[in-house]
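For reference, the structure is listed below as structure tokens.
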Protein chains: 2
Amino acid sequence: MAINRDAILDATLALAEERGLDAVSMRAVAARLGVTPMALYRHVGDKQGLLDGVVERLLDELPSPDASLAPDERLRELAGALRSTARRHPDVFVMLLRRPATTPASLRARERVYAALADAGVPEDLVPRVERLVSTFMLGFAASEAGGRFAQHSRATLDADLAWALEVVRGALGGGRRSAE
Amino acid sequence: MAINRDAILDATLALAEERGLDAVSMRAVAARLGVTPMALYRHVGDKQGLLDGVVERLLDELPSPDASLAPDERLRELAGALRSTARRHPDVFVMLLRRPATTPASLRARERVYAALADAGVPEDLVPRVERLVSTFMLGFAASEAGGRFAQHSRATLDADLAWALEVVRGALGGGRRSAE
DNA sequence: ACCTGAACACCGTTCAAGT
DNA sequence: ACCTGAACACCGTTCAAGT
């Protein structure tokens, strides 16, 4: 059987999407690939390594918004992508909150936010802090929505929540801009 | 052996604190109580029920800030309590994002935030929305900090992040107040 | 280099039985 | 009402062996 790390991560994501993260076992992933469980270990280390790889995949599937769009528009696109990723993989998604934001895919995603914030006029020395707070909020929001914490609220309510949050941030940043005029 | 739901949840939390959530199994909890695994089922339903009970416990251990304190102070106290709870139970904590915020303990915690926001002058019809956004941010922040997402940042940096976030919220809300003056 | 077979020490849960 | 014993269908992982 021809297997490699990429094929293993593909199979894992497909399995998680079809039957949930609880159904993801070394044995089930191996069976899906027509291989014995032990064949996976060479490629992903162990089960934790498999899950780390899957989380990294999720981050790498986030879009790279067109640089010609307005900064607000780019942030909204990233936020929307995060929400739909969370909905597709609710259990994998929360793992994002459980590992250092220093992996390659994590850095790539962060750079996009940095660029949008800088273009929006956030002073250079504040960009990392604002990124941490905005990303933390969005991860919490997307995880909550996909995880069912907001189950009793309509999609419209949550969309309005998010729009309000963007206004608050814009207000805080716009304030910084105005002070430079 | 005399066992009941409370004793089971106590044993589970102690086990999670000592050896991590991965060490929490029906069998391990039962062994700690000197009982067979099957004895637990009558009291907690199944493993999911056990975990639900533990999450509820965490929420119920949050403090009830003194109503005589300034609203800001009360929110800071709740935020601090959330952070230390997350640090003590990082894996249990993320489960908060995975279940509806409609359990009794969840409602009790929410009422405290409602009261603080109302006392801070947030218009009544905005209180639920602001609570959702503030709580979502705090859950995401505490989970990230405890889960290691901010591993490369110092405690001082994170404290400053949080203080900045509070300023942003105060700015947005203070704005609402000022417009009524 | 890469995959397999057999084995070890675990899981959650059901079901019938005991007291 | 509450706990037990035995059993079923699973886990992750190691290790020696095969090609």
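Each value in this text was obtained by applying a stated rule to the coordinates, not by laboratory testing. Remember, predicted model here, so these are calculated numbers, not experimental data. When we count neighbours, we look across all protein chains shown, and the Cβ atoms used for this are built from the backbone with ideal geometry, even at glycine.
Key figures for this structure:
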quantity	calculated
Failed criterion for residue A:116 (all others in (1) farther than 22 Å from residue B:148 by Cα; (2) without any contact (Cβ under 8 Å) to a residue 24 or more places away in the chain hold)	(2)
Qualifying residue in the stretch B:168-175 (condition: free of Cβ contacts under 8 Å to residues at least 60 places away in the same chain and in contact with a Pro (Cβ under 9 Å, 6 or more places away or on another chain))	no
Leading residue by the ranking (farthest from residue A:130 (Cα to Cα)) among those in the stretch B:84-128 that are more than 13 Å from the chain's Cα centre (by Cα) and of a type in the set (Val, Ile, Thr)	B:102
Number of positions in the stretch A:129-144 that are at the interface with chain B (Cβ under 9 Å from one of its Cβ atoms) and either over 15 Å from the mean Cα position of the chain (by Cα) or not small (Gly, Ala, Ser) (or both)	9
Those residues of the stretch A:58-96 which are over 26 Å from residue A:16 (Cβ atoms), surrounded by 17 or more Cβ atoms within 10 Å (Cβ to Cβ) and of a type in the set (A, V, I, L, M), in sequence order	A:75
Residue match in the stretch A:65-82 (condition: within 14 Å of chain B (Cβ to nearest Cβ), closer than 23 Å to residue A:146 by Cβ and within 14 Å of DNA strand D (Cβ to nearest atom))	no
Tabulated pairs, the stretch A:84-107, first facing chain B (nearest Cβ under 7 Å), second buried (at least 18 other Cβ atoms within 10 Å of the Cβ) and of a type in the set (Val, Ile, Thr), C-beta under 8 angstrom, 6+ apart or interchain	A:94/B:94; A:97/B:94; A:98/B:94; A:99/A:55
Given (1) of a type outside the set (Phe, Trp, Tyr); (2) in contact (Cβ under 8 Å) with a residue 40 or more places away in the chain; (3) closer than 20 Å to residue B:106 by Cα, number of the condition residue B:43 does not satisfy	(3)
Matching residues, the stretch A:17-41, being touching a helix residue (DSSP H, G or I) at 6+ places or on another chain (Cβ under 6 Å) and more than 10 Å from DNA strand D (Cβ to nearest atom)	A:21, A:32, A:33
Restricting the stretch A:8-37 to residues that are exposed (fewer than 15 other Cβ atoms within 10 Å of the Cβ) and over 29 Å from residue B:48 (Cα atoms), the residue that is nearest to DNA strand C (Cβ to nearest atom)	A:36
Residue within the stretch B:42-58 that is within 14 Å of DNA strand D (Cβ to nearest atom) and within 14 Å of chain A (Cβ to nearest Cβ) present	yes
Residue match in the stretch B:57-80 (condition: away from DNA strand C (no atom under 16 Å from the Cβ), within 23 Å of residue B:165 (Cβ to Cβ), small (Gly, Ala, Ser) and more than 18 Å from the chain's Cα centre (by Cα))	yes
